[in-house]
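K.L.:
Quick one: the structure is below, and I'll ask about it shortly.
Quick note: the coordinates plus some simple rules give every number you see, no bench work behind them. Computed from a predicted model, the values in this text were never measured in an experiment. Note that we place each Cβ from the backbone using ideal geometry, even for glycine, and neighbour counts take in every protein chain shown.
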Amino acid sequence: MFKQATETYILWLTLALTAGLVISLLAGLANFSESRHLPFFLLRRQAVERAWRYLGFSAFFLILGLAVMTAGKPAMELVFPPTATPTISPTPSSTPTVTLSPTITLTPSLTLPPTGTLTPSPTFTASLTATPAYPAVLITPILDATVTPDPNAAIGPITVATGYNSRFVPVGASLNFDAGNLTALFAIFTYNNMTNSVQVSTIWFKNSEPIYIDTASWEGGTGGYGASSCPLEICLYEAGNYRVAIYVGEALKQSADFVITGTPPTRTPTPSATFTVTNTPTITPTPTVTDTPTITPTFTSTATRTPTFTPTATLTRTPTNTLRPVLATDYARTAIAVTRTARAATPTP
């Protein structure tokens, strides 16, 4: 019924009970903390009750977890008794009997003479000769390399490989390469205590003769990984004993030996963008001067008067309400009219 061992189910149940214990305990403490900040007594009481309820759950989970850890396996085996796994015992086999059979001995009748002797091909082995001295005559000093090398500068062991990835892990590393399959070779190394602007030279030797020198101003920082390659068109990767050496300044820091055997494939030269100067006389046509009259149009500016409209201000008289001055005669007339009105209104006796 169950595909897992009994101990596995006990462990899962114990982890579930432990998670319930932690959650209940945190919930109870949170409710206790919340009850201190509630403004009303009834809310505080409800929060305290919830806190004690969660603490009760945590105690239950604790007791149940201890019971599972101590008596879980025997109880589970009582409910689900384990089934015995049948074991296959080897059956006794009969002892084989040895039967002797006569052997036939062949007597050579003819002896064939050897037809030819194979001549072993030459095998190149890595030489243990000392690294040649620093070829100062062949190296052009770098003008930018003005810093004195640190005497503690170190180059790690060199690994010769046919390639490397982005983390400088060598690909196709070996000490013996087949010339028929080579298209590129790299010297991969680690370095430490280096200083920028120091002259570093990587020299590739073939049979103790330098065939390629790569000299540059160091810009790789203090420590890390580095790689140097020998171009195919220069090194050719022919059979022989090779050595690659790294010099910091004029001090040899590290070297590695390897062997190339076999015959390299016939390579088709790749055309390079090289300009060849050939002294071939060229005929340059001399331009002839022909007096051809050219018509140059002359533009004469003519002043044209453009009529302009000048607005003329027109004075328009606006009638205004002007009060006529009141004269003394007007007062006299008004007094006479008032007097007449008063007389007319007065009854006669």
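K.L.:
If I go through the stretch 178-203 residue by residue, how many of them are part of a strand (DSSP E or B), in contact with a strand residue (DSSP E or B) (Cβ under 6 Å, 6 or more places away or on another chain) and of a type outside the set (Ser, Thr, Tyr)? It would help to see each step written out before you state the result.
P.N.:
Of all residues in the stretch 178-203, those part of a strand (DSSP E or B) come to 178, 186-192, 199-203.
So of that shortlist, the ones also in contact with a strand residue (DSSP E or B) (Cβ under 6 Å, 6 or more places away or on another chain) come out as 186-192, 200-203.
Checking which are of a type outside the set (Ser, Thr, Tyr) leaves us with 186-189, 192, 200, 203.
Of the residues in the stretch 178-203, 7 are part of a strand (DSSP E or B), in contact with a strand residue (DSSP E or B) (Cβ under 6 Å, 6 or more places away or on another chain) and of a type outside the set (Ser, Thr, Tyr).
K.L.:
Report every pair of residues separated by at least 6 positions or lying on different chains whose Cβ atoms are under 9 Å apart, first residue within the stretch 190-216 and without any contact (Cβ under 8 Å) to a residue 24 or more places away in the chain, second polar (S, T, N, Q) and part of a strand (DSSP E or B).
P.N.:
Between residues of the stretch 190-216 that are without any contact (Cβ under 8 Å) to a residue 24 or more places away in the chain and residues that are polar (S, T, N, Q) and part of a strand (DSSP E or B), the close pairs are 212/202; 214/201; 214/202; 214/228; 214/229.
K.L.:
Mind counting the residues in the stretch 227-247 that are part of a strand (DSSP E or B) and crowded, with 21+ Cβ neighbours inside 10 Å?
P.N.:
Residues in the stretch 227-247 being part of a strand (DSSP E or B) and crowded, with 21+ Cβ neighbours inside 10 Å: 6 in total.
K.L.:
When you check residue 148 against the structure, is it in contact (Cβ under 8 Å) with a residue 60 or more places away in the chain and surrounded by 15 or more Cβ atoms within 10 Å (Cβ to Cβ), yes or no?
P.N.:
no
K.L.:
Filtering the stretch 19-70 down to residues that are part of a helix (DSSP H, G or I) and basic (Lys, Arg), which residue is surrounded by the most Cβ atoms within 10 Å (Cβ to Cβ)?
P.N.:
Across the stretch 19-70, the extreme among qualifying residues is 50.
K.L.:
Taking residue 216 as the residue in question, decide whether it is part of a strand (DSSP E or B) and either touching a helix residue (DSSP H, G or I) at 6+ places or on another chain (Cβ under 8 Å) or not hydroxyl-bearing (Ser, Thr, Tyr) (or both).
P.N.:
yes
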